[in-house]
1. Return the residue satisfying two criteria in turn: it lies in the range 29-60 and is surrounded by fewer than 16 Cβ atoms within 10 Å (Cβ to Cβ) and of a type in the set (A, V, I, L, M), and of such residues it is modelled with the lowest pLDDT.
2. So, of the residues in the range 63-90 that are of a type outside the set (A, V, I, L, M, F, W, C) and in contact with a Leu (Cβ under 6 Å, 6 or more places away or on another chain), which turns out to be farthest from Leu132 (Cα to Cα)?
3. Six or more apart or on different chains, Cβ atoms under 7 Å: show the pairs whose first residue is in the range 126-140 and more than 10 Å from Met83 (Cβ to Cβ) and whose second is of a type in the set (Lys, Arg).
4. I'd like to know if the range 8-15 contains one or more residues that are at pLDDT 95 or above and open to solvent by less than 50 Å² (accessible area, probe 1.4 Å).
5. Working carefully through the options Gln201, Gln178, find the one that is open to solvent by 20 Å² or more (accessible area, probe 1.4 Å) and under 18 Å from the mean Cα position of the chain (by Cα).
6. Of the residues Leu21, Leu25, only one is in contact with a Phe, Trp or Tyr (Cβ under 9 Å, 6 or more places away or on another chain), modelled with pLDDT of 95 or more and closer than 17 Å to Val180 by Cα; which?
7. Touching a Lys or Arg at 6+ places or on another chain (Cβ under 9 Å) and not small (Gly, Ala, Ser): does that describe Ile111?
Amino acid sequence: MRLIERLFGRARRTAAGSMKLVVGLGNPGRKYQATRHNVGFEVLDEIARKHGAAQRKSKFDGEMTEVVLGGERTILLWPFTYMNRSGQSVGRARDFYKLENSDVLVVCDDINLPLAKLRFRAHGSAGGQKGLADILRRLGTQEVPRLRVGIGPVPEGWDAAEFVLGKFGRDDAADIEQAVWRAADAVSDWIGQGVEYCMNQYN
């Protein structure tokens, strides 16, 4: 089965030409909907809505669909492996489409950034984000672009794990909604303009 996937993926990659993979991190299931840790899912939801994406398919241990962003065929991937095993899903998708690591963008939350702050990086460590850490470990490199969406700071006396799995308060809802909209536009700019442009524009 894996051999068929590899051969089919190579054929599709050649036929499609340039292609990008955008991954939104989160946890599947109603229990985790609208939690801070699922901001990556929400950004992909907004991209899919805004660009009229096709119906999602179950694939790569998650859900995926396709859109055209910045003139390029773009795969949107929601891993359903739970946050700490996100690399399993991302690795399968990257290998199937024969993509370079630089063609993969990971969108995730970050408790070290102020609420609604966006930050692009072309490479680097995971900075404590366990889903991103698993992706870097699975892909075998830190040279993976990422777009972080700030959900911090963690209030004094709170456990960080409990905080990220909690829902946004009423006072934060408008700010995070704006951040999701901006992040969706930022992903299009990453594809059309590149990561250096986005670092200057959004960081």
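The values are calculated or read from the model by the stated rules, or taken from the named source; none is laboratory data. If you're wondering where the values come from, they're calculated on a predicted model, not measured in any experiment. Cβ atoms come from the backbone with ideal geometry, glycine included; neighbour counts cover every protein chain shown. For accessibility, only protein heavy atoms count, side chains too; no ligands or nucleic acids. Shrake-Rupley method; radii C 1.70, N 1.55, O 1.52, S 1.80 Å.
1. Filtering the range 29-60 for residues that are surrounded by fewer than 16 Cβ atoms within 10 Å (Cβ to Cβ) and of a type in the set (A, V, I, L, M), the one modelled with the lowest pLDDT comes out as Ala54.
2. So the residue we want is Thr65.
3. These pairs meet every condition: Leu139/Arg94.
4. No; the residues of the range 8-15 include none that is at pLDDT 95 or above and open to solvent by less than 50 Å² (accessible area, probe 1.4 Å).
5. Gln178
6. Step by step, each of Leu21, Leu25 is checked, and only Leu25 is in contact with a Phe, Trp or Tyr (Cβ under 9 Å, 6 or more places away or on another chain), modelled with pLDDT of 95 or more and closer than 17 Å to Val180 by Cα.
7. Yes; evaluated as a whole, the condition is true for this residue.
Matching residues to (1) over 21 Å from Lys117 (Cα atoms); (2) not hydrophobic (A, V, I, L, M, F, W, C):
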{"position": "His37", "(1), (2)": "no, yes"}
{"position": "Glu42", "(1), (2)": "no, yes"}
{"position": "Ile47", "(1), (2)": "no, no"}
{"position": "His51", "(1), (2)": "yes, yes"}
{"position": "Lys57", "(1), (2)": "yes, yes"}
